[in-house]
Amino acid sequence: MNADDLLKPTDAGLYCEAGDFHVDPWKPVPQAVVTHAHADHACWGCGRYLGSEEGERVLRVRMGREAVIDALPYGSPLDVNGVRVSLHPAGHILGSAQVRLEHRGRVWVVSGDYKVEPDATCTPFEPVRCDVFVTESTFGLPIYRWPSQAAVFDEINAWWRANRDAGKASLLLGYALGKSQRLLSGLDPSIGPIYTHGAVEKLNRAYREGGVALPPTSYAGAAMKGKGWAGAMIVAPPSAHGTPWARKFAPLSTGIASGWMTIRGTRRRKALDRGFVLSDHVDWPGLLGSIESTGASRVLVTHGYTAVVVRYLRERGIAAEALATRYEGEGDAQDRAEAEAMEEAEAQEVDAGGTTA
Amino acid sequence: MRDFARLYAALDETTRTGEKVEALTRYFEQAPPADAAWAVYFLIGRKPKQVVPSKKIREWAAAEAGVPDWLFQESYDAVGDVAETVALLLPPSEHSTDLPLAEWVENRLLPLRGADEEAQRFAMLDAWRAMDRPQRFVWNKLISGGFRVGVSQQLVTRALGKAGGVDPTVVAHRLMGDWEPTPEFIGRLLAADSADSDHSRPYPFCLAYGVEGDPAALGSVDDWVAEWKWDGIRSQLIRRGGDTFLWSRGEELVTDRYPEIATLGASLPEGTAIDGEILPYLDGTPLPFAQLQRRIGRKTVGKTILAEVPVVLIAYDLLESDGRDLRAEPFEARRARLAELVARVDRPGRLILSPTVVADSWEAMAAARLAARSHQSEGLMLKRRGSPYHVGRKRGDWWKWKVDPFTVDAVLTAAQRGSGKRASLYTDYTFSVWDDDRRLVPFAKAYSGLTDAEIARVDAFVRRNMVEKFGPVRTVKPELVFELAFEGIQRSPRHKSGIAVRFPRILRWRLDKPAEEADTLESIRGMLPA
Ligand SMILES: [Zn+2]
Ligand SMILES: [Zn+2]
């Protein structure tokens, strides 16, 4: 890192001295600019949050009613102490944004978490030209190359149908914010009824209010007792796996949707019936393509296979550096954050009860 | 190849035995005999010698994928398997092959052996370009000789029986011994009549479960014959057509490795099959298993080792006499004939009738069992009077009743670096056993019990077979099996296995056991105090 960098890593996160704000801080700060509402990017207790208009509702669900949130439409700039700040779609979850900072002719883009393939639950990723590009590297290995989303949804629906025909319920695991809604958007509701875990249902509401079309879902807790679950689809966070809650759906087949399911050993160790390769993060070709389309002369690499991506870019003549952050990719860390969010959601279960459509 | 790759994926996708058998049965029902023969061959773990070195496969795949060597290595570290890494790295494919499995194996794979490097490279690239990702993976597995998909021979046998309408025990018997994967073989395997021409073929071994809880639950002690449970290599010595065959339980023909026992063959009457245990034995006493390990795996044995670790065959059972299958006869009848045979052969330094342990109550039997360790035995074998010789593991007639400490064969699934002078080595291990769904569940951690040389070998294995990193912990391919001992056992909801053990330690490395044969959670639960 250089002395006159627009953003510098500090204890609390990436700090922009010129504008006196942090981007995706991991400790409470007076002014936070957040890329998206996942727990490792939006932390509790900041004085003010600046986030995308599209993501306001989900950010509110996560940060609480009291949080002060300034919402900015994609693409419209805001002057923050002389730094021109604008947000651009990252295609990761509803409202996820890349933060573009412009100051004295220099342009930095912090992409947060992002994904290139468009999906039905959020505005698609748009590359933004910049001098310095901050990128994640969760799946920064060439083995990660996503199959088309349509093919994965076909697989999921075929699995659901086969379970239904075998008199079983289908429990599909994906993290509560983003992945769950994306999964719902790809389910074929003609196969059977769809139920959700409380943590998922709560966010479904925020998605629907934000104008995202999701198939009708019912809160699974509300219909718990003495019900036959054969043929039903239940969408829940990974932390629900193996809990007494999940066992009530038996006989059931359990599947998980995650980029990590690319690897056979990981699929097998998760000891689930099925692993579907579906990620809300960028894959290897997407990562390289995005970097190229930013035109950045310098790339800062965060969470994931940081060292691998840095070395690969350098070998291709791109100035790349590792940037130490506390962001986390898809996986166990995400599960942990989800587990916390889930407990919180369970505490408010009554609140989320009943059928929504 | 398409159907076989689908079968592989189907088997890989499920942990349920029923679904695996179903997928296998469907495959065998529709596969052409030539394909079915090769499928059986690979599925039960036979393999042609590696035809292309995996170093070369890596190199060519990396070049084809446009990935530098170091990045291939990083990818491999994440995946833990060369065949899979290659399949994931190769450029996306537009093709998928219709050619049958047998065609790929016989006309593409086998001719690669001994071909020059350039020809091999062309053939590999050709194959990859013709295949989709699942096919490439299976092809790489076949090529590298590391084909394994987590189905036991028993499941394959069941599926073959179903598909062919043949009794699975007959299939099991026909699958033993030497055979070539040809359409004729599949014909013989699934043939209705049981006329058998292969005279080397052993019988499937009858195996025992561990006694769970109080043996008194087995009924009157008088209904049982007790023998020492020996810690050697379970084997069958066969004499037919003037030839002698010594088979290990792993279905390996080991006649040449134990010449002392092979020479017994000439003294046996035509049409004999003895079930027994190869035991290292010197000056009238058994040696520790570690001594026998010096001979396992050696194809040729020198004078020194023959003098230092001579072996005997402890005869347990007589399966065939005068060419007649005795397995359905009552245990005592078989044993009486066996005793007669051993006496007639009269080679007390080579062939020993398994001694029985007599006790008039379970208490007395338990007391006798305590003495087991003192003569290098692991405990008692209990065999029900009147019982037949079963195929495989059947609950009810044969039980092993091991002495304390409790011992378990578990699979190494994770490792961590040690501390102090061992900080650079992976010395802290996590061991797992099979749960009710045939998944490996962590069961104990152990740090001690291996020699420095063994630690170095395990360390090298861990480095080469890492799968995932969780902080300092490295998960590894579940391949190595160790016998663990522990003192106490209790239920524990805090542990994933539901069980906590006291003072677990490594007794020995079970080089002779594949991971599939490690113990089950079920059998460990049986050790819980009532
Ligand atoms: Zn995220
Ligand atoms: Zn993240």
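The values are calculated or read from the model by the stated rules, or taken from the named source; none is laboratory data. Since the structure is predicted, the reported quantities are computational estimates derived from the model, not experimental observations. Cβ: placed from backbone, ideal geometry, glycine included. Neighbour counts: every protein chain shown. Side chains are part of the model used for accessible areas, which takes the heavy atoms of the whole protein and leaves out ligands, DNA and RNA. Shrake-Rupley method; radii C 1.70, N 1.55, O 1.52, S 1.80 Å.
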Anything losing 50 Å² or more of accessible area from the isolated chain to the full protein assembly: pick those residues out of the stretch B:7-41, probe 1.4 Å, ligands and DNA/RNA ignored.
B:Asp12, B:Glu13, B:Arg16
Carbon and sulfur %, accessible surface of the stretch B:406-525 computed with the full protein complex present, 1.4 Å
52
Taking the Cα centre of the protein assembly as shown as the origin and placing charges on Cβ (Lys, Arg +1; Asp, Glu -1), which of A:Tyr15, A:Ser293, B:Ala410 is farthest toward the positive end of the dipole?
B:Ala410
Listing of the stretch B:455-487 residues, each with accessible area lower by at least 10 Å² in the full protein assembly than in the chain alone (probe 1.4 Å):
B:Val467, B:Glu468, B:Phe470, B:Thr475
For the stretch B:273-395, what class follows from the C-alpha gyration tensor (a ≥ b ≥ c being the square roots of its eigenvalues): rounded when a/c is under 1.5, otherwise prolate if a/b is larger than b/c, else oblate?
oblate
Dimensionless Rg/Rh of chain B - Kirkwood Rh, Rg from C-alpha atoms:
0.97
Tell me the angle of helix A:284-294 to the major Cα principal axis of chain A, expressed in degrees between 0 and 90 and rounded to the nearest ten.
40
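Could you tell me which of the pairs B:Lys402/B:Lys496; B:Lys400/B:Lys513; B:Lys56/B:Lys469; B:Lys49/B:Lys477; A:Lys115/A:Lys248; A:Lys179/B:Lys55 are separated by over 29 angstrom between their Cα atoms in the structure shown?
On the way: B:Lys402/B:Lys496 26 Å; B:Lys400/B:Lys513 18 Å; B:Lys56/B:Lys469 27 Å; B:Lys49/B:Lys477 21 Å; A:Lys115/A:Lys248 35 Å; A:Lys179/B:Lys55 39 Å.
Too far apart for the 29 Å limit: A:Lys115/A:Lys248; A:Lys179/B:Lys55.
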Could you give the accessible area per residue of the stretch B:218-336, probe 1.4 Å, as a whole number in Å²?
38
Report the label-to-label distance for A:Ala271 and B:Arg16 in nanometres (one decimal), using points 7 Å from each Cα along the Cα→Cβ vector.
1.7
Distance between the stretch B:281-341 and the stretch B:500-530 - C-alpha centres, whole angstrom:
26
Two-decimal log10 I(q)/I(0) for the stretch A:1-127, as the Debye equation yields it once each C-alpha is a single scatterer, q = 0.09, 0.11 Å⁻¹:
-0.22, -0.33
Which whole number gives the average, over all residues in A:241-252, of C-beta atoms from other chains lying within 10 Å of the residue C-beta?
0
Taking a crude spin-label model, label points 7 Å out from Cα along the C-beta direction, the A:Ala162 to A:Asp131 distance in nm is 5.5
What residue among B:Val433, B:Val138, A:Val282 has its Cα farthest toward the positive end of the dipole of the protein assembly as shown, where the charges are +1 on Lys, Arg and -1 on Asp, Glu, each on the Cβ?
B:Val433
Between chains B and A, total accessible area buried, probe 1.4 Å, no ligands or nucleic acids, nearest 100 Å², roughly 2300
In whole percent, and with a 1.4 Å probe on the protein chains, what portion of the accessible area of the stretch B:2-144 is carbon and sulfur?
49
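Based on Cβ point charges of +1 for Lys and Arg and -1 for Asp and Glu, what charge dipole magnitude is obtained for the stretch B:406-525 about its Cα centre, in debye rounded to the nearest 20?
On the way: 21 positive and 17 negative charges, 118 e Å.
In debye, rounded to 20, the stretch B:406-525 gives about 560.
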Taking the alpha-carbon centroid of each part, what is the distance from the stretch B:202-257 to the stretch A:68-125 in angstrom?
70
Given a 1.4 angstrom probe, what's the average accessible area per residue across the stretch B:436-530, in square angstrom?
52
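Of B:Phe406, B:Phe42, which has the most accessible area with a 1.4 Å probe, and how do the rest follow in descending order?
Details: B:Phe406 50, B:Phe42 5 Å².
Correct descending sequence by accessible area is B:Phe406, B:Phe42.
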Please give the per residue accessible area of the stretch A:149-276, computed with a probe of 1.4 Å over protein heavy atoms only, in Å².
32
Which residues does a label at B:Ala115 reach in the stretch B:43-84, if reach means a backbone N under 11 Å from a point 7 Å past the Cα toward the Cβ?
B:52
Which whole-Hz couplings ³J(HN,Hα) result when phi for each residue of the stretch B:500-508 is put into the Karplus expression 6.51 cos²θ - 1.76 cosθ + 1.60, θ = phi - 60°, listed in order with x for Gly and Pro?
10, 10, 9, 6, x, 8, 8, 7, 6
Name the residue farthest towards the positive end of the dipole of the protein assembly as shown from the options B:Gly271, A:Gly178, A:Ser86, assuming +1 on Cβ of Lys and Arg, -1 on Cβ of Asp and Glu, about the Cα centre.
B:Gly271
Here the FRET efficiency for B:Ser448 versus B:Asp346, based on Cβ atoms and R0 = 41 Å and rounded to 0.05, is 0.35
Segment A:Asp188-A:Glu17, extension gain: residue separation times 0.36 nm, minus the distance between their alpha carbons:
56.6 nm
Please list, ordered by chain and number, the residues whose modelled amide H lies under 5 Å from the amide H of B:Ser235; skip anything fewer than 5 residues away on the same chain.
B:Gly276, B:Glu277, B:Ile278
Whole-Hz couplings from phi, Karplus 6.51/-1.76/1.60, listed for the stretch B:23-31; x for Gly and Pro
4, 5, 4, 4, 5, 5, 5, 9, 6
Please list A:7-15, B:94-102, B:107-115 highest first by mean number of surrounding beta-carbon atoms within 10 Å per residue.
A:7-15, B:94-102, B:107-115
Would you mind working out the magnitude of the charge dipole of chain B relative to its Cα centre, with +1 at each Lys and Arg C-beta and -1 at each Asp and Glu C-beta, to the nearest 20 Debye?
1220
Once you charge only the Cβ atoms, +1 for Lys and Arg and -1 for Asp and Glu, what is the size of the charge dipole of the stretch A:149-276 about its Cα centre, to the nearest 20 debye?
440
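Summarise the accessible area of the stretch B:259-368 (1.4 Å probe, protein heavy atoms) by the percent that is carbon and sulfur. Numbers along the way, then the final one.
Working: 2720 of 4900 Å².
C and S atoms contribute 55 percent here.
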Gyration tensor (alpha-carbon) shape descriptor, the stretch A:149-276, a/c threshold 1.5
rounded
Can you give me the C-alpha center-to-center distance between the stretch B:33-75 and the stretch A:161-199, rounded to a whole angstrom?
37
Partner chain coverage, peptide A:138-145 - average Cβ within 10 angstrom:
6
Over the Cα atoms of the stretch B:406-525, what radius of gyration and what Dmax do you get, in Å?
13.4, 40
Run the 1.4 Å probe and let me know the accessible area of A:Thr243, rounded to the nearest 10 Å².
40
Taking Cα atoms only, helix B:153-164 is inclined relative to the longest principal axis of chain B by an angle, in degrees rounded to 10, of 80
Would you jot down the residues in the stretch B:74-95 that end up with at least 50 Å² less accessible area in the complete protein assembly than in the chain alone, with a 1.4 Å probe?
B:Ala78, B:Glu84, B:Leu88
What is the set of long-range amide H partners of B:Leu207 at a cut-off below 5 Å, with H atoms built 1.01 Å from backbone N?
B:Gly392, B:Arg393, B:Lys394
Could you work out how far apart the two model spin labels at B:Arg188 and B:Arg148 are, taking each label as a point 7 Å from the Cα in the direction of the beta carbon, and quote it in nm?
2.9
Report B:Tyr27's accessible area, 1.4 Å probe, all protein chains in place, as a number in Å² to the nearest 10.
10
Going by the alpha-carbon gyration tensor, a ≥ b ≥ c the square roots of its eigenvalues, is the protein assembly as shown rounded (a/c under 1.5) or, if a/c is not under 1.5, prolate (a/b greater than b/c) versus oblate?
prolate
Between 0 and 90 degrees, rounded to the nearest ten: what's the tilt of helix B:54-65 against the longest Cα principal axis of chain B?
30
A:Val107's amide H: which non-local residues (gap 5+, or another chain) put their own amide H closer than 5 Å, with H modeled 1.01 Å from N in plane and none for Pro or chain starts?
A:Asp131, A:Val132
